[in-house]
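This report refers to the structure that appears directly beneath it.
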Amino acid sequence: MKNLYILFFLISLECFCQPITKRELKSIISELIQINKNKEFSELQLIADNTDSIFYRSEKITLYTNRFAPDKKDICRTIEMDFYPKKMVSFHDCQFCREPSNCYVTTAKTFYKYQIIEEKGQLFLLFENNYGSKKYVIINTTRNESNRILEIELRKV
């Protein structure tokens with residue numbers, strides 16, 4: 001019986017740490033584009049911690065897929081990614097701990113063209129604009145019991 005529990009635990013770990021596929025990532029982005037286009041409110045949003053500008057300085061970042069994740073993790077400053085048609089994304093730098101909460105104005109520096117690249121069994125996200133580029137490899141994902149992606153870990157390349 002003890003072996004059965006260990007086996008179940010190992011199987012559940014495998015389910016919670018499955019890598020994201022290109023198709024799943026495209027599906028999330030397509031849904032985000034639709035939400036943005038229709039100006040709908042949704043729990044689904046790609047958000048990264050930007051406390052002390054960690055999003056821009058760190059080699060490793062985590063994208064949360066739930067708009068309420070920063071509240072649960074006591075994150076005061078975030079980068080919110082808004083996706084648009086024609087493979088465009090804008091990064092919104094927002095803070096929530098001081099009232100009134102606010103986001104910086106989006107400028108040309110925070111608008112990027114993005115690409116999802118699959119190379120040698122790895123998945124990459126590339127963001128480019130006239131001011132520079134950022135390339136990340138997806139190193140891990142965390143899922144819940146229903147296999148929904150909660151977190152996507154990225155490492156700068």
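Please work out which residue is surrounded by the fewest Cβ atoms within 10 Å (Cβ to Cβ), limiting yourself to region 47-100 and to residues that are of a type in the set (D, E) and under 23 Å from N129 (Cβ atoms).
E59
From the residues in region 112-129 that are free of Cβ contacts under 8 Å to residues at least 60 places away in the same chain and more than 18 Å from F83 (Cα to Cα), which one is most open to solvent (accessible area, probe 1.4 Å)?
Among residues in region 112-129 that are free of Cβ contacts under 8 Å to residues at least 60 places away in the same chain and more than 18 Å from F83 (Cα to Cα), the one most open to solvent (accessible area, probe 1.4 Å) is K120.
Quick check, is I35 farther than 19 Å from F127 by Cβ, open to solvent by less than 40 Å² (accessible area, probe 1.4 Å) and not in a strand (DSSP E or B)?
yes
Looking at region 109-117, can you tell me whether even one residue there is out of contact with any strand residue (DSSP E or B) (no Cβ under 9 Å at 6 or more places or on another chain) and either at pLDDT 95 or above or closer than 18 Å to D52 by Cβ (or both)?
No, the conditions are met nowhere in region 109-117.
Take the residues in region 101-111 that are open to solvent by less than 70 Å² (accessible area, probe 1.4 Å) and polar (S, T, N, Q); name whichever of them is farthest from I29 (Cα to Cα).
Restricting to residues being open to solvent by less than 70 Å² (accessible area, probe 1.4 Å) and polar (S, T, N, Q), the top hit is S101.
Which condition from (1) polar (S, T, N, Q); (2) under 24 Å from F41 (Cβ atoms); (3) touching a residue at least 60 places away in the same chain (Cβ under 8 Å) is the one that Q95 breaks?
Exception for Q95: condition (3).
The values are calculated or read from the model by the stated rules, or taken from the named source; none is laboratory data. Everything quoted here is computed from the prediction, not taken from an experiment. Please note: Cβ atoms are built from the backbone with ideal geometry, for glycine as well, and neighbour counts cover all protein chains shown. Note: accessible area is taken over every heavy atom of the protein model, side chains too, but ligands, DNA and RNA are not part of it. Shrake-Rupley method; radii C 1.70, N 1.55, O 1.52, S 1.80 Å.
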